[in-house]
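A.B. asks: Here it is, the structure, as structure tokens.
The values are calculated or read from the model by the stated rules, or taken from the named source; none is laboratory data. What you see is a predicted model, and the numbers here were worked out from it, not measured in a lab. So basically every Cβ, Gly included, is an ideal-geometry build from the backbone, and we count neighbours across all protein chains shown.
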There are 2 protein chains.
Amino acid sequence: MARRVAEGKRPVRLDAVLAGGDKGADIYAHNQRKTCAAVGIEYHLHRLPADADVRAVEGLIETLNADPVVTAIMVHLPLPDGVEAERIQSLIDEVKDVEGVNPANIGNIVYGRRSLVPCTALASVEMIESTGVELRGKRCVIVGASNIVGKPIAVLLMRAEATVISTNEYTEDLAGLTRTADVLVSAAGVPGLITRDMVKPGAVVVDVGINRIVGEDGKRRTVGDVDHDGVVSVAGHLSPVPGGVGPMTVAMLLRNTVDAADR
Amino acid sequence: MARRVAEGKRPVRLDAVLAGGDKGADIYAHNQRKTCAAVGIEYHLHRLPADADVRAVEGLIETLNADPVVTAIMVHLPLPDGVEAERIQSLIDEVKDVEGVNPANIGNIVYGRRSLVPCTALASVEMIESTGVELRGKRCVIVGASNIVGKPIAVLLMRAEATVISTNEYTEDLAGLTRTADVLVSAAGVPGLITRDMVKPGAVVVDVGINRIVGEDGKRRTVGDVDHDGVVSVAGHLSPVPGGVGPMTVAMLLRNTVDAADR
């Protein structure tokens with residue numbers, strides 16, 4: 001990453017918007033600054049007050065869109081009350097949209113174009129591909145169909161010519177489907193949802209869930225959707241939580257940022 | 001339709017681009033003009049020569065995008081050699097893109113926004129909904145995963161909270177999957193692919209295939225992907241070919257055209 005940053009056509013920078021936000025967003029922005037520094041990406045954080053209105057946020061996005069030195073834009077969530085995230089995300093110039101949240105970038109996936117793909121979906125598919133599995137013709141089951149994770153993963157796997165099964169909370173006989181999966185991606189946000197009996201031996205399992213729970217010892221900890229201790233012995237590959245998709249998503253954001261500067 | 005055209009805020013018109021094209025495109029444009037006349041939509045056909053280059057086609061699209069009286073644009077295929085369809089389609093202003101071929105409109109489906117949805121996908125889903133089936137939690141199998149039909153249908157059905165299974169030519173045990181389908185959509189372009197034994201009793205079956213074949217009598221005729229005579233007795237609903245999705249797609253183009261003028 002650092003080498004690509006140093007060798008690029010122009011300085012690589014990431015412009016992040018934080019309007020109001022919360023403690024989680026502050027921590028994320030702080031870590032983002034450190035991570036960018038580590039690989040030589042300039043980080044510019046643009047803060048707006050918690051009572052900023054939609055015109056103020058839109059105005060900032062338009063200013064960043066128009067500025068030729070700005071090549072990569074991301075927007076921290078949550079936004080202030082009354083400012084709809086999808087409206088703001090749609091406004092980001094699609095070639096600077098390094099989180100891949102502009103609908104044009106999601107549509108570009110369908111068309112199989114080189115574009116900025118939503119980072120968590122991209123991270124999941126990169127991890128699957130890193131196992132060396134040939135996706136064409138393989139059966140992939142995705143648990144959860146959110147707009148920013150489950151649906152884009154499904155489309156990316158369709159693009160790879162897999163047989164793709166998209167499930168959600170209304171799906172009947174979920175276990176009957178997951179047991180047939182060569183590749184199983186869980187992005188449901190339900191701790192322990194995927195148990196050992198739901199996994200085909202040797203399957204590639206990607207755990208996208210990041211759930212905060214209180215353990216039996218009374219301490220808070222972070223777990224995925226997959227019952228790790230049960231599934232690890234039957235799966236061929238299993239991504240951990242914490243670790244796994246989380247840091248890989250950050251890496252994809254940085255790669256999209258470098259790609260955007262390279263354009 | 002005619003009533004909505006007459007009562008709209010401004011005159012409804014459809015501007016079609018035909019660059020070179022072929023006999024099929026000429027027939028399509030001729031029928032389009034007649035159909036538009038029947039419902040009171042102004043039809044403007046913009047012809048470019050068969051040797052038009054990419055700059056000429058792009059220039060015409062940009063002119064139509066900029067013209068405030070133009071509210072609906074569609075581009076006939078094929079385009080001249082060397083003019084890539086997806087590049088031209090991406091250039092159509094997304095609010096005038098009544099065929100729903102701009103990636104932004106495909107991405108808007110993922111986000112569940114009111115937008116111009118690809119006409120054949122929209123036609124298929126409208127026909128499914130017309131049966132009164134409750135899609136939430138139902139198992140939907142789509143045979144074929146093309147960019148403009150199979151993938152957008154899959155996303156539309158995900159949006160309806162169905163369990164969605166996207167298959168393609170590499171899928172193993174296709175019949176095992178289709179037999180579980182409450183809703184079966186075939187968009188593979190393979191005559192007679194879907195036989196009686198592949199259909200669950202009572203299923204809703206939508207046949208998107210439009211295949212020209214030579215029959216046993218030596219005459220050319222149009223058939224779908226579904227073996228109609230075999231499947232009709234087991235399916236709960238079956239759309240015919242010819243008829244069915246074809247004319248419904250034209251209707252969706254006209255509805256998108258009226259919607260675009262209403263904006």
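A.B. asks: Is one or more of the residues making up region A:194-202 within 14 Å of chain B (Cβ to nearest Cβ), surrounded by 14 or more Cβ atoms within 10 Å (Cβ to Cβ) and either among the small types (Gly, Ala, Ser) or closer than 21 Å to A:Thr120 by Cα (or both)? Full working, then the answer.
C.D. replies: Just the residues of region A:194-202 that are within 14 Å of chain B (Cβ to nearest Cβ), to begin with: A:200.
Filter again for surrounded by 14 or more Cβ atoms within 10 Å (Cβ to Cβ), leaving A:200.
Adding the requirement that they be either among the small types (Gly, Ala, Ser) or closer than 21 Å to A:Thr120 by Cα (or both) leaves none.
Among the residues of region A:194-202, not one is within 14 Å of chain B (Cβ to nearest Cβ), surrounded by 14 or more Cβ atoms within 10 Å (Cβ to Cβ) and either among the small types (Gly, Ala, Ser) or closer than 21 Å to A:Thr120 by Cα (or both), which makes the answer no.
A.B. asks: Run B:Ala52 past the list (1) assigned to a loop (DSSP other than H, G, I, E, B); (2) free of Cβ contacts under 8 Å to residues at least 24 places away in the same chain; (3) over 25 Å from A:Leu91 (Cβ atoms); (4) more than 21 Å from the chain's Cα centre (by Cα) and report the number of the one that doesn't hold.
C.D. replies: (2)
A.B. asks: Could you pull out every one of the helices (runs of 4 or more DSSP H) wholly within region A:116-181 that has 2 or more residues that are over 16 Å from A:Val205 (Cβ atoms)? Write out each step before concluding.
C.D. replies: Values: elements: A:119-130, A:150-159, A:174-178.
Of the helices (runs of 4 or more DSSP H) lying wholly inside region A:116-181, those with at least 2 residues that are over 16 Å from A:Val205 (Cβ atoms) span A:119-130, A:150-159.
A.B. asks: Could you pull out the residue among A:Ala6, A:Ala2, A:Ala19 that is modelled with pLDDT of 90 or more and of a type in the set (Gly, Ala, Ser)?
C.D. replies: Numbers: A:Ala6 fails: modelled with pLDDT of 90 or more; A:Ala2 fails: modelled with pLDDT of 90 or more.
None of the others qualify; the one that does is A:Ala19.
A.B. asks: If I filter region A:81-92 down to residues being among the hydrophobic types (A, V, I, L, M, F, W, C) and not in a helix (DSSP H, G or I), which single residue comes out as farthest from the other protein chains (Cβ to nearest Cβ)? Can you show your working first?
C.D. replies: The first filter runs over region A:81-92 and keeps only residues among the hydrophobic types (A, V, I, L, M, F, W, C), leaving A:83, A:85, A:88, A:91-92.
Pick out the ones that are also not in a helix (DSSP H, G or I) and you get A:83, A:92.
On the way: A:Val83: 16, A:Ile92: 12 Å.
This residue is A:Val83.
A.B. asks: Looking only at region B:4-51, count how many residues are among the small types (Gly, Ala, Ser) and within 21 Å of B:Val101 (Cα to Cα). Please lay out each step first, then the result.
C.D. replies: Filtering region B:4-51 for residues among the small types (Gly, Ala, Ser) gives B:6, B:8, B:16, B:19-21, B:24-25, B:29, B:37-38, B:40, B:50.
Then keep just the ones that are within 21 Å of B:Val101 (Cα to Cα); that gives B:16, B:19-21, B:24-25, B:29.
Residues that pass the stated criteria total 7.
A.B. asks: B:Lys138 passes all but one of (1) at pLDDT below 95; (2) of a type outside the set (A, V, I, L, M); (3) more than 21 Å from the chain's Cα centre (by Cα); which number fails?
C.D. replies: With (1) at pLDDT below 95; (2) of a type outside the set (A, V, I, L, M); (3) more than 21 Å from the chain's Cα centre (by Cα) applied to B:Lys138, the lone miss is (1).
A.B. asks: If you check B:Gly150 against the conditions, is it within 11 Å of chain A (Cβ to nearest Cβ), at pLDDT 95 or above and closer than 22 Å to A:Arg136 by Cα? Can you show your working first?
C.D. replies: Values: within 11 Å of chain A (Cβ to nearest Cβ): yes; at pLDDT 95 or above: yes; closer than 22 Å to A:Arg136 by Cα: yes.
It is true that B:Gly150 is within 11 Å of chain A (Cβ to nearest Cβ), at pLDDT 95 or above and closer than 22 Å to A:Arg136 by Cα.
A.B. asks: In addition: In this structure, does B:Val101 turn out to be out of contact with any Leu (no Cβ under 8 Å at 6 or more places or on another chain), closer than 17 Å to B:Ala260 by Cα and either at pLDDT 95 or above or surrounded by 20 or more Cβ atoms within 10 Å (Cβ to Cβ) (or both)?
C.D. replies: Values: out of contact with any Leu (no Cβ under 8 Å at 6 or more places or on another chain): yes; closer than 17 Å to B:Ala260 by Cα: yes; either at pLDDT 95 or above or surrounded by 20 or more Cβ atoms within 10 Å (Cβ to Cβ) (or both): yes.
It is true that B:Val101 is out of contact with any Leu (no Cβ under 8 Å at 6 or more places or on another chain), closer than 17 Å to B:Ala260 by Cα and either at pLDDT 95 or above or surrounded by 20 or more Cβ atoms within 10 Å (Cβ to Cβ) (or both).
A.B. asks: May I pose another question? Kindly indicate whether A:Val70 is within 20 Å of A:Arg263 (Cα to Cα), touching a residue at least 40 places away in the same chain (Cβ under 8 Å), β-branched (Val, Ile, Thr) and out of contact with any Lys or Arg (no Cβ under 8 Å at 6 or more places or on another chain).
C.D. replies: Numbers: within 20 Å of A:Arg263 (Cα to Cα): yes; touching a residue at least 40 places away in the same chain (Cβ under 8 Å): yes; β-branched (Val, Ile, Thr): yes; out of contact with any Lys or Arg (no Cβ under 8 Å at 6 or more places or on another chain): no.
No: the conditions fail for A:Val70.
A.B. asks: Which condition from (1) touching a Gly at 6+ places or on another chain (Cβ under 7 Å); (2) facing chain A (nearest Cβ under 8 Å) is the one that B:Ala188 breaks?
C.D. replies: (2)
A.B. asks: So which pairs qualify, if the first residue must be in region A:221-232 and assigned by TED's automatic domain parsing to the domain that holds A:Arg196, the second must be part of a strand (DSSP E or B) and surrounded by fewer than 16 Cβ atoms within 10 Å (Cβ to Cβ), the Cβ gap must be under 9 Å, and the two must be at least 6 apart or on different chains?
C.D. replies: These pairs meet every condition: A:Arg221/A:Arg212; A:Arg221/A:Ile213; A:Arg221/A:Val214; A:Thr222/A:Arg212; A:Thr222/A:Ile213; A:Val223/A:Arg212; A:Val223/A:Ile213.
A.B. asks: Looking at region B:195-203, can you tell me whether even one residue there is part of a helix (DSSP H, G or I), without any contact (Cβ under 8 Å) to a residue 24 or more places away in the chain and in the same structural domain as B:Ser124 (by TED's automatic domain parsing)? Reasoning before the result, please.
C.D. replies: Filtering region B:195-203 down to residues part of a helix (DSSP H, G or I) leaves B:196-198.
Still in the list and also without any contact (Cβ under 8 Å) to a residue 24 or more places away in the chain: B:197.
Next, from what is left, pick out any that are in the same structural domain as B:Ser124 (by TED's automatic domain parsing): B:197.
Yes, that holds for at least one residue.
A.B. asks: Give the residue that is surrounded by the fewest Cβ atoms within 10 Å (Cβ to Cβ), with candidates limited to residues of region B:117-146 that are within 11 Å of chain A (Cβ to nearest Cβ) and without any contact (Cβ under 8 Å) to a residue 40 or more places away in the chain.
C.D. replies: Within region B:117-146, the match that is surrounded by the fewest Cβ atoms within 10 Å (Cβ to Cβ) is B:Glu134.
A.B. asks: Now for a different question. Here's a check for you: in region B:155-169, which residue that is facing another protein chain (nearest Cβ under 7 Å) and not hydroxyl-bearing (Ser, Thr, Tyr) is surrounded by the fewest Cβ atoms within 10 Å (Cβ to Cβ)?
C.D. replies: The initial filter retains those residues of region B:155-169 that are facing another protein chain (nearest Cβ under 7 Å), namely B:155, B:158, B:161, B:163-168.
Filter once more, so that each one left must be not hydroxyl-bearing (Ser, Thr, Tyr): B:155, B:158, B:161, B:164-165, B:168.
On the way: B:Val155: 30, B:Met158: 28, B:Glu161: 17, B:Val164: 30, B:Ile165: 26, B:Asn168: 20.
By that ranking, first place goes to B:Glu161.
A.B. asks: In region B:93-110, is there at least one residue being away from chain A (no Cβ under 12 Å), in contact (Cβ under 8 Å) with a residue 12 or more places away in the chain and either in a helix (DSSP H, G or I) or of a type in the set (Lys, Arg) (or both)?
C.D. replies: To start, the set of residues in region B:93-110 that are away from chain A (no Cβ under 12 Å) comprises B:93, B:95-96, B:98-99.
Now narrow it down to the ones that are in contact (Cβ under 8 Å) with a residue 12 or more places away in the chain: B:93, B:95-96, B:98-99.
Pick out the ones that are also either in a helix (DSSP H, G or I) or of a type in the set (Lys, Arg) (or both) and you get B:96.
Scanning region B:93-110, I find at least one residue that is away from chain A (no Cβ under 12 Å), in contact (Cβ under 8 Å) with a residue 12 or more places away in the chain and either in a helix (DSSP H, G or I) or of a type in the set (Lys, Arg) (or both), so the answer is yes.
A.B. asks: Okay, next question. In this structure, is B:Val69 in a loop (DSSP other than H, G, I, E, B) and closer than 25 Å to B:Val5 by Cβ? Explain how you work it out, then say what you get.
C.D. replies: Numbers: in a loop (DSSP other than H, G, I, E, B): yes; closer than 25 Å to B:Val5 by Cβ: yes.
Yes; evaluated as a whole, the condition is true for this residue.
A.B. asks: Quickly run through region B:170-187 and pick out the residues that are of a type outside the set (A, V, I, L, M), touching a Lys or Arg at 6+ places or on another chain (Cβ under 9 Å) and buried (at least 22 other Cβ atoms within 10 Å of the Cβ).
C.D. replies: Correct list: B:Thr171, B:Thr178.
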